Amino acid sequence: MTTRILLIEDDENITELVRYNIEKAGFQFDCVSDGEEGLFKASEEQPDVILLDWMLPNVSGLEICRQLRRKPETANVPIIMLTARADEPDRIRGLETGADDYMVKPFSPKELVVRIQAVLRRVRPALASDELVFEDIRLDNVSHRVTRGGAPIQLGPTEYRLLRHFMENPGRVYSREQLLDSVWGRDVYVEPRTVDVHIRRLRKAINIESTKDYIRTVRSAGYSLDRDI
């Protein structure tokens, strides 16, 4: 699964600098230059990390940060502010508004990549481990083996990627379109209903011997891996 980074920045030179280093690091990159559009895109697509300028057209980065923290679907998305405002009161204000990190322009692109990796480890600690665990389900990222209650589970490549994505983000609801972007990739055209087929296959494979079904279907919203079903 590719980590998706959204940059909200109106400086074209900084955008290209960040784009080059983000893609070089293996992340998926997207960007917008307008604050209002950035707020909409962040809310609709729920990227893994948001890089946010303070001074933006229409809606300021600070207001974007404030609104994203109020929404349940984006409340836990890591936000790193990239800004020329270097004074301590500004740093404090940015962090108190909800930013996870704060970098002052000009900044080191390599340091930015390291800080992205750091906030991902804090918010999604599963990424730092070779093994993912959810209740009695274990997924080994090295051997690509899955077990439930110690019993081996046979999964196809797509079902494996789906399960890994859910286990990296437990409790978070994903629409079919978001799952297509994260699991299949944006460059592959697949009908949204195809997701339903693979969810059924995944359910059938992991729900052995009448075990609890942790894959929750949220009507008109999508799917999640959830304990509270």
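None of the figures in this text is laboratory data; all of them are computed from the coordinates on show. Given the structure is predicted, the values throughout are model-derived calculations rather than measurements. A quick note on method: Cβ atoms are made from the backbone with ideal geometry, for glycine too, and the neighbour counts reach across all protein chains shown.
Need one number: nm distance between label points at ASP11 and GLU177, each 7 Å from Cα along Cα→Cβ, rounded to one decimal.
3.2
Can you put ASP53, ASP100, ASP228 in order of Cβ neighbours within 10 angstrom, beginning with the fewest?
Fewest-to-most ranking of ASP53, ASP100, ASP228: ASP228, ASP100, ASP53.
Output the antiparallel fraction of DSSP beta bridges having both residues in the chain, as a percent to the nearest 5.
50
Please work out how many pairs of lysine residues in the chain are eight or more positions apart (or on different chains) and have Cα atoms closer than 25 angstrom.
6
Name the residue farthest towards the positive end of the dipole of the chain from the options TYR174, GLN28, PRO157, assuming +1 on Cβ of Lys and Arg, -1 on Cβ of Asp and Glu, about the Cα centre.
PRO157
Could you state the principal axis extents of the C-alpha atoms in segment 128-225, from the largest down, to the nearest angstrom?
The Cα atoms of segment 128-225 stretch 35, 28, 22 Å along their principal axes.
Per-residue ellipticity at 222 nm for the chain, helices alone: DSSP H runs ≥ 4 residues times -39500 (n - 2.57), over residue total, nearest 500 deg cm²/dmol?
That calculation yields -12000 deg cm²/dmol at 222 nm.
How large is the charge dipole for the chain, taken about the Cα centre, if only the Cβ atoms of Lys, Arg (+1) and Asp, Glu (-1) carry charge, to the nearest 20 debye?
Its charge dipole is roughly 1020 debye.
Which three extents, in whole angstrom, do the alpha-carbon atoms of segment 166-214 cover along their principal axes, largest first?
37, 20, 12
Set the Förster radius R0 to 45 Å, insert the Cβ-Cβ distance between SER220 and LEU95 as r into 1/(1 + (r/R0)^6), and round the FRET efficiency to 0.05.
Computed FRET efficiency for SER220 and LEU95 comes out at 0.80.
Mind checking the log10 I(q)/I(0) for the chain at q = 0.16 Å⁻¹? Debye, one equal scatterer per Cα, no solvent, two decimals.
-1.12
When only C-alpha pairs under 8 Å and at least 6 residues apart count, what is the relative contact order of segment 60-101, in percent?
Over segment 60-101, the number comes to 48 percent.
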